[in-house]
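The structure appears right after this line, and notes come after that.
The values are calculated or read from the model by the stated rules, or taken from the named source; none is laboratory data. Note that the coordinates shown come from a computational prediction; the quantities given were computed from them, not determined experimentally. Cβ: placed from backbone, ideal geometry, glycine included. Neighbour counts: every protein chain shown. For the accessible areas, the whole protein counts, side chains as well, though only heavy atoms, and no ligand, DNA or RNA atoms are used. Shrake-Rupley method; radii C 1.70, N 1.55, O 1.52, S 1.80 Å.
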Amino acid sequence: MKTFGGPALFLDRNDINTDEIIPAKYLTELTKEALKPYLLEDLKLEGFDPKGSTLANARVVISRENFGCGSSREHAPWAFEVNDITMVIAQSYARIFRQNMFNGGMMAIELSAGDIDTLFKEFAGAGDVEITTDLEKKELYVKGGGKSKTFSYTINEFDEALVRAGGWVAFADQKY
């Protein structure tokens, strides 16, 4: 099973789409590794540098509503995975993006609007923020700026099985 957690990247916007996650011009690449340098290359967000150290060090992304909307493509979660980002936390997801995260053995955690607001208000400007998760307890632990908070989440049984197996292919190998 992949590890989940680490330094957080806050992307304070709704509707971050798959073209911003990995531009369509790179979809002809033949390996996941080839996508690595282009993650979030086209994302326009004040203060965000897609070539900066915050993204390079991030292992968790936190965003707002409708994350991963737009074109349905597995390349978007793959671009996160190849950059060692295996957990995205948002208020909501585009259905296909969310399932592609679980199919790849990664976490797409949904929190309430209030919890997302709390994360942004209390931690977004706090410097180095670390997030860990306990899949057994369904809890996120957030530390940064001298504060810490715990958030509960839910995940359905099948998606949890995909995550624990390491993704759909590994799950199918175990079951079939």
- Specify which of the listed residues (Val163, Val82, Val88, Val142) is modelled with pLDDT of 95 or more and either farther than 16 Å from Thr3 by Cβ or open to solvent by 30 Å² or more (accessible area, probe 1.4 Å) (or both). Val142
- Task: Kindly provide the set of residues from segment 149-168 that are among the small types (Gly, Ala, Ser) and either in a strand (DSSP E or B) or more than 19 Å from the chain's Cα centre (by Cα) (or both), ordered by number.
- Result: Ser152
- Query: Which members of segment 109-148 meet the condition of being farther than 18 Å from Gln91 by Cα, of a type in the set (Asp, Glu) and outside any loop (DSSP other than H, G, I, E, B)?
  - Reply: Glu130, Asp134
- Task: From the list Phe4, Phe67, pick out the single residue that is open to solvent by less than 50 Å² (accessible area, probe 1.4 Å), at pLDDT below 95 and closer than 20 Å to Ile109 by Cβ.
- Result: Phe4
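Per-residue answers, yes or no, for (1) in contact (Cβ under 8 Å) with a residue 60 or more places away in the chain; (2) closer than 27 Å to Asp42 by Cβ; (3) over 17 Å from the mean Cα position of the chain (by Cα):
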{"position": "Glu74", "(1), (2), (3)": "no, yes, no"}
{"position": "Pro77", "(1), (2), (3)": "no, yes, no"}
{"position": "Arg95", "(1), (2), (3)": "no, yes, no"}
{"position": "Gly114", "(1), (2), (3)": "no, no, yes"}
{"position": "Asp134", "(1), (2), (3)": "no, no, no"}
- Message: Looking only at segment 6-57, count every residue that is more than 20 Å from Asp117 (Cα to Cα) and assigned to a loop (DSSP other than H, G, I, E, B) and tell me the total.
- Response: 18
- Task: Among what's in segment 8-60 and is surrounded by 15 or more Cβ atoms within 10 Å (Cβ to Cβ) and in contact with a Cys (Cβ under 8 Å, 6 or more places away or on another chain), pick the residue that is nearest to Glu110 (Cα to Cα).
- Result: Ile16
- Considering only segment 9-39, state which residues are among the acidic types (Asp, Glu) and in contact with a strand residue (DSSP E or B) (Cβ under 6 Å, 6 or more places away or on another chain). Asp15
